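The values are calculated or read from the model by the stated rules, or taken from the named source; none is laboratory data. This is a predicted model, so every value here is computed, not measured. Note that we place each Cβ from the backbone using ideal geometry, even for glycine, and neighbour counts take in every protein chain shown.
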Amino acid sequence: MNSLREKIKNKERIIGTHVSLSDPSICEILGYLDFDYIWVDMEHTYIDCKQLYIHLNAARAVGASVIVRIPQDDFVTLKRVMEMGVDGVVFPMIQNADAARKAISGTFYPPRGCRGFGPRRPVRYGLDQAADYIEKGSLGMCRFIQIEHIEAVEGLEEIAETEGVDGFIFGPCDLAGSIGQLTRPYEETAMELMQKAIATLKAHDKYIGISTGDFSAKRIRQFSEMGIQMISAGADTDYLLYGAQKAWEHLAKEHKNRPNPSV
């Protein structure tokens, strides 16, 4: 089976889902399914590095790949996340080429970048040679830039030239918010902005992704037809609420709202 990086290099269509809760059994459960990766979010959640570490243990136990969205501009957390040996990192809210270059530089060791030296888990705590990890292993991690602002779209020609980026992932809600449509990411103006960005990325032969809470068949089909290759959809909280609502509806219909049986 191809690694996540190989799938992206081959420009395969891949699918993933989001984790925002701390219980590691969530990663284990989702890992049993055929998602290409699990996206653990540290930007909008209370997941800290210790909880992430336990998530990674659960995911590895079932052979699942994990990418992590780090908090915005948090290069301290970035170091800690990379030292856990994740399959990829996602940088949110990148608005210009300088920010993109700074983010990606933090993931490569000198002379290519400015990553500080201190691998732990990726070298099995010293059982493997650090030099091998620096020259080979550290290059296997995927690096993603999120496009979430109109300024990023306007500067995408230059951002797309950033070396070392494996994929560009849209955040449709924030992208729409940057033009005053925060809760309306799929209306015409916001979608036209995304289409413009997709055209630019395709012209540069870049790998394109999207992160969304909407996992309806209609929306996934729309993204696929737009030329998006990497779709991260839905989240643990969505599935919990969706399943609970369905259960409540059945319980209410078949039991709670029925008259009491005669004694």
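For the range 13-30, taking the residues that are in contact with a strand residue (DSSP E or B) (Cβ under 9 Å, 6 or more places away or on another chain) and either at positive phi or not in a strand (DSSP E or B) (or both), the one that is surrounded by the most Cβ atoms within 10 Å (Cβ to Cβ) is identified as C27. Of all the criteria given as (1) outside any strand (DSSP E or B); (2) touching a residue at least 12 places away in the same chain (Cβ under 8 Å); (3) within 21 Å of Y37 (Cα to Cα), the one not satisfied by Y239 is (2). Scanning the range 205-226 for residues that are surrounded by 10 or more Cβ atoms within 10 Å (Cβ to Cβ), part of a helix (DSSP H, G or I) and out of contact with any strand residue (DSSP E or B) (no Cβ under 8 Å at 6 or more places or on another chain) returns R221, Q222. Restricting attention to the range 227-247, the residues being among the hydrophobic types (A, V, I, L, M, F, W, C) and either buried (at least 20 other Cβ atoms within 10 Å of the Cβ) or touching a helix residue (DSSP H, G or I) at 6+ places or on another chain (Cβ under 6 Å) (or both) number 5.
Among residues of the range 69-95 that are among the hydroxyl-bearing types (S, T, Y), those with a Cβ under 7 angstrom from a residue that is at pLDDT 95 or above and part of a loop (DSSP other than H, G, I, E, B), sequence gap 6+ or separate chain, pair up as T77/M42; T77/I70; T77/P71. Scoring T189 on the criteria (1) in a loop (DSSP other than H, G, I, E, B); (2) over 26 Å from L30 (Cβ atoms); (3) not small (G, A, S) leaves a single failure, condition (1).
In the range 78-101, the qualifying residues are those that are aliphatic (A, V, I, L, M) and part of a loop (DSSP other than H, G, I, E, B), and the one that is farthest from K136 (Cα to Cα) is M93.
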